[in-house]
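Colleague: To start, I am sharing the structure in question, which I have written as structure tokens.
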Amino acid sequence: MDHTLHAKYGLKRVVNASGRMSILGVSAPTDGVMNAVKTGGQSYVEMADLVDKSGAYVAKQLNAEDAVVVNSASSGIALTVAAVVTRGDKRASLKLHQELPANNEIVMFKGHNVQYGAPVETMVALGGGKLVEVGYANEGKKEHLEMAVNERTAAILFVQSHHCVQKNMIKVEDAWEVAQRLEVPLIVDAAAEEDLRKYVTCSDLVIYSGSKAIEGPTSGIVAGKGELVSWVKTQLYGIGRSMKVGKESIFGLLQALDEYFVKEDKSEQEKAALAALNVLGELPGVSVSIVQDEAGRAIFRGRIKIDEAQAGKSARTVNAELQGGDIAVYTRDYGLAQGYFDLDPRSLQGDDLQVIITRIQDIIGGNH
């Protein structure tokens, strides 16, 4: 692996064991994708035509009526909210935030208003939506949605994510049933989900990241019902202008999608590779296990649990030292308060896994 660019700009080498996280640049696209980025970037094209043709190409891949490539899943939230608030009206779209329609309420479970790098509520507000939180931090039922929907409702927003509370929450199919019955649009934020064709079948608009599971350049996809996608496209000449996606990213994403649907499932190999972590179990206070993704995706991670009394350092301290070294090692650190962090194998390259093992041995072993 060539780290000359890192050296040129004074950047650290990063070992990414956190998964497809935006703070580290999300993913490392293949040569095929980067070649498409290069060719696309070095060619001229009518952008409006590219928006339509690329959207149609993506829609065919996902079995959706239509789609539009956007610059991130995050902007996808803002743009879909703006779409359902303005219903594609050009004046309302251009005057968004200056003249807001009265029916701009976005109904969402309290347990879905997560911080993913920015809060979901911030993107809803950016799109001109007035957030109506329903349910509780640890409970979301059909009736919570039903009671909140009224003539001011623009849409229900359902966040399908590992960030969300999973227990006592209805499934996306249940929210879809409510939305259809009450005749309000359902927007599904499925940014990091891997089943790209599922959510089109149970939503009016679905949002995906182009750079997480798909491993394309920084980008996003909004797909779904033709009329609603056309409403999203109207926003590209309003707030969407500040979120425009470059031609190089669109071509890269299309190539990444082509590769995605023929990609072999490497989850079992990744799981097997994690066996190398077992040597860490020999350290005082350290136990190693393999866990599956909390949202049920086919992703397996190594869990390093640290007993502070025996190890002499807490999981939080070890994690901070991993990040702070000459080579910055980033773990999936949501469980630090419970005394553990996870290692996601999907983004590891070259000798990354051995670097992690050696660093943890130094940090904890050197403490005794």
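Colleague: For the chain, which whole-number percentage of the solvent-accessible area (1.4 Å probe, protein heavy atoms only) is attributable to carbon and sulfur atoms?
Modeller: Percent of accessible area from carbon and sulfur atoms in the chain: 50.
Colleague: OK, next. Of the peptides 101-111, 235-245, how do they stack up when ordered by the mean number of other Cβ atoms within 10 Å, highest first?
Modeller: Numbers: 101-111: 20.7, 235-245: 17.8.
Put in order of decreasing packing, that is 101-111, 235-245.
Colleague: Obtain the nm distance between the two label points defined at T4 and T39 by a simple spin-label model: each point lies 7 Å from its Cα along the Cα-to-C-beta direction.
Modeller: With each label point 7 Å from Cα toward Cβ, the separation is 2.6 nm.
Colleague: Treat every Asp and Glu Cβ in region 219-281 as -1 and every Lys and Arg Cβ as +1, leave all other atoms uncharged, and give the resulting dipole magnitude about the Cα centre to the nearest 20 debye. Numbers along the way, then the final one.
Modeller: Working: 8 positive and 8 negative charges, 90 e Å.
Dipole about the Cα centre, nearest 20: 440 debye.
Colleague: In square angstrom, what is the accessible area per residue of region 1-143 with a 1.4 angstrom probe? Kindly include the intermediate steps, with their values, before the conclusion.
Modeller: Values: 7340 Å² over 143 residues.
Accessible surface, normalised per residue, equals 51 Å².
Colleague: Say the dipole of the chain comes from +1 at the beta carbon of Lys and Arg and -1 at that of Asp and Glu; which of S74, Y330, L283 then lies farthest toward its positive end?
Modeller: S74
Colleague: Please report, in debye to the nearest 20, how large the charge dipole of region 215-368 is about its Cα centre when each Lys and Arg carries +1 at its beta carbon and each Asp and Glu carries -1 there. Please report the intermediate quantities before stating the final value.
Modeller: Details: 17 positive and 22 negative charges, 133 e Å.
Here the size comes out at about 640 debye.
Colleague: Does anyone have the angle between helix 47-62 and the longest principal axis of the chain? Alpha-carbon axes, 0 to 90°, nearest 10?
Modeller: Orientation of helix 47-62: about 70 degrees from the principal axis.
Colleague: Helix 31-41 sits at what angle to the longest principal axis of the chain, using alpha carbons and giving 0 to 90 degrees rounded to 10?
Modeller: So the inclination is approximately 40 degrees.
Colleague: Dipole size in debye (nearest 20) for the chain around its Cα centre, Lys and Arg Cβ +1, Asp and Glu Cβ -1?
Modeller: Details: 39 positive and 47 negative charges, 134 e Å.
It comes to approximately 640 debye.
Colleague: Oh, and also: What residue among F261, Y237, A273 has its Cα farthest toward the positive end of the dipole of region 222-313, where the charges are +1 on Lys, Arg and -1 on Asp, Glu, each on the Cβ?
Modeller: Toward the positive end, the furthest listed residue is Y237.
Colleague: Per residue, how many Å² of accessible area does region 325-364 show with a 1.4 Å probe?
Modeller: Numbers: 1560 Å² over 40 residues.
So region 325-364 comes to 39 Å² accessible per residue, rounded to a whole number.
Colleague: Ranked from highest to lowest mean number of other Cβ atoms within 10 Å per residue, what is the order of the peptides 300-308, 188-196, 203-211? Each step should come with its number before you reach the end.
Modeller: Working: 300-308: 21.0, 188-196: 23.2, 203-211: 28.7.
Most protected by this proxy first, the peptides run 203-211, 188-196, 300-308.
Colleague: Tell me the label only: which of (1) 149; (2) 141; (3) 177 is volume of the Cα convex hull per residue in Å³ as calculated from this structure?
Modeller: Here volume of the Cα convex hull per residue in Å³ agrees with entry (2).
Colleague: Please report, for the Cα atoms of region 22-179, the Rg to one decimal and the Dmax as a whole number; what are they, in angstrom?
Modeller: Every Cα atom of region 22-179 included, Rg and Dmax give 18.0, 53 Å.
Colleague: For region 210-269, what does the convex hull of the Cα positions come to per residue, in cubic angstrom?
Modeller: Residue-normalised Cα hull volume stands at 101 Å³.
Colleague: Nearest 5 is fine: what % of DSSP beta bridges in the chain come out antiparallel, could you say?
Modeller: Numbers: 24 of 45 bridges.
Counting DSSP beta bridges with both partners in the chain, the antiparallel share is about 55 percent.
The values are calculated or read from the model by the stated rules, or taken from the named source; none is laboratory data. Remember, it's a predicted structure, so these values are computed and weren't measured experimentally. Virtual Cβ from ideal backbone geometry, glycine too; neighbours counted across all protein chains shown. To get the accessible areas, we keep the full protein, side chains included, count just its heavy atoms, and leave off ligands, DNA and RNA. Shrake-Rupley method; radii C 1.70, N 1.55, O 1.52, S 1.80 Å.
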